[in-house]
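Any read-out appearing in this document is the output of simple, stated calculations on the displayed coordinates, not a laboratory observation. Quick caveat, the model's predicted, so the values are computed rather than measured. Positions of Cβ are generated from backbone atoms using ideal geometry, with glycine treated the same way; all protein chains shown enter the neighbour counts.
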Amino acid sequence: MRSTSLLAAACGLLICGTANAQNNAAAATQDTAYDPVGVLVSRLDLEKYKSTIKGLAQFGDRRQGTKRNRDAVDWIEAQLKSYGCQNVERITYEYNPAPPRPAGGGGRGNAPSPNGRGRPGNGPGGSRIFSDMRERGVNNDSLAQPDPAIRAINMEPTTPGQRQEVICMKIGTKYPNEMYILGGHMDGIGWGQAVNDDASGSAIVMELARIFSMPDVQTERSIRFALWNNEETGLNGARAYAEQRGPMQGKESPAGSGKYPEPKWLGMIQHDMMMVDHGPPTADGKLAPEQRPEADINIEFAITSKFADDAMKMAFFWRAANEKYATHYPAAVGPHMTNTDSDPFKDLVPSLSLRENERGSQIGGNWDPTHHQPIDVLTTFTDKDFMLGLTSAQTTLGAIGQLTKATVKR
Ligand SMILES: [Zn+2]
């Protein structure tokens, strides 16, 4: 504005009129073209994303109920505080499972149903697995981890008792009483470093917390960042949050303060296993060596959930955000969201999960042989894998930036 009026003052109307009009037109075009959400997406960086994943991997598989898990919770909390994320809090709950049955079983939800292969409903979440391949159960053998340093970090067994998980918030300027929840789970299993499952999703949530907490960023609505614990034992951390925080939704506290410790939930978006889309496994059930060129992100909603229609619309909104903002990989929408922390929310609010593959038909068919295995370590993954994770970060940032009407001070 200033340079335009200076220009108008400096020259006679007759000669400079055209130049001035052009100048105004250029400024107007620039304003319509200016997209603050694009600015925020451009602040995502592959090296920063990788370094957050490495930060989590230093605590090994971060199995719940161990010191390495508690240390990781402390580290996450310190990171969120260093970003300037608002209202950094801990959710505290008890986890006291029944003693394990003597006969070992595989992972949860991954057994083929008795109706046999290739029939509808034979995979997790009501999906159909068309191949003979099935994911393996959780690795519980310390000696299957060839790296002695990683094996040593993972030695302490889990014990029942109190658990904690960290959350923080971006407080909306216009509607601080409403928010979207972004989640990833920080705990893992399998005697590796839980890099893909789920440092890759946790790092997306942390990177978005970092960017939305920058001092020049404002959003009209609030955003919750949640680093769930106990996903691997049955979503206990996410359930504890839903139980404790659900009844607090939208309540101003203290009254008249303009503060909402738990804004009303508008949607929940989980990020779990974000990096591997190498296609079907090799004939001997191993990870295919390269990220496939057709790799994509899978945005899933639960078609059987109470909010199925709204969740489906939200899923396609996420897909559109991918087309608008992602630099590398496309996204696809599927109806069988399952086996992750969005599950406890799906009948309370529209909910999605983002993944590297469809959880049911593809991971259920062993498309990710790193899942809960000792090879879920940093050395397994290349930049093409990390880039798929960053593409999901671009997608969610693009979507949530639009939904919360994010702006950047210029
Ligand atoms: Zn997971």
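Quick notes on this one:
- Of all the listed residues (Gly192, Gly237, Gly201, Gly184), the sole one being in a strand (DSSP E or B) and closer than 19 Å to Val73 by Cα is Gly184.
- Of all residue pairs spaced 6 or more apart or on separate chains, those with beta-carbon atoms under 6 Å, a first member in region 220-234 that is closer than 16 Å to Ala406 by Cα and a second member that is surrounded by fewer than 24 Cβ atoms within 10 Å (Cβ to Cβ) and among the charged types (D, E, K, R) are Glu220/Lys174; Glu220/Lys405; Arg221/Glu178.
- Number of positions in region 372-393 that are part of a helix (DSSP H, G or I), closer than 17 Å to His271 by Cα and not acidic (Asp, Glu): 8
- Residues of region 264-321 that are touching a residue at least 60 places away in the same chain (Cβ under 8 Å) and among the aromatic types (Phe, Trp, Tyr): Trp265, Phe317, Trp318.
- Checked against (1) of a type in the set (Val, Ile, Thr); (2) surrounded by fewer than 19 Cβ atoms within 10 Å (Cβ to Cβ); (3) part of a strand (DSSP E or B), Ile269 meets all criteria but (2).
- Unmet criterion (only one of (1) touching a residue at least 60 places away in the same chain (Cβ under 8 Å); (2) in contact with a strand residue (DSSP E or B) (Cβ under 6 Å, 6 or more places away or on another chain); (3) not polar (S, T, N, Q)) for Ala399: (2)
- Unmet criterion (only one of (1) more than 14 Å from the ligand (Cβ to nearest atom); (2) surrounded by fewer than 24 Cβ atoms within 10 Å (Cβ to Cβ)) for Thr338: (1)
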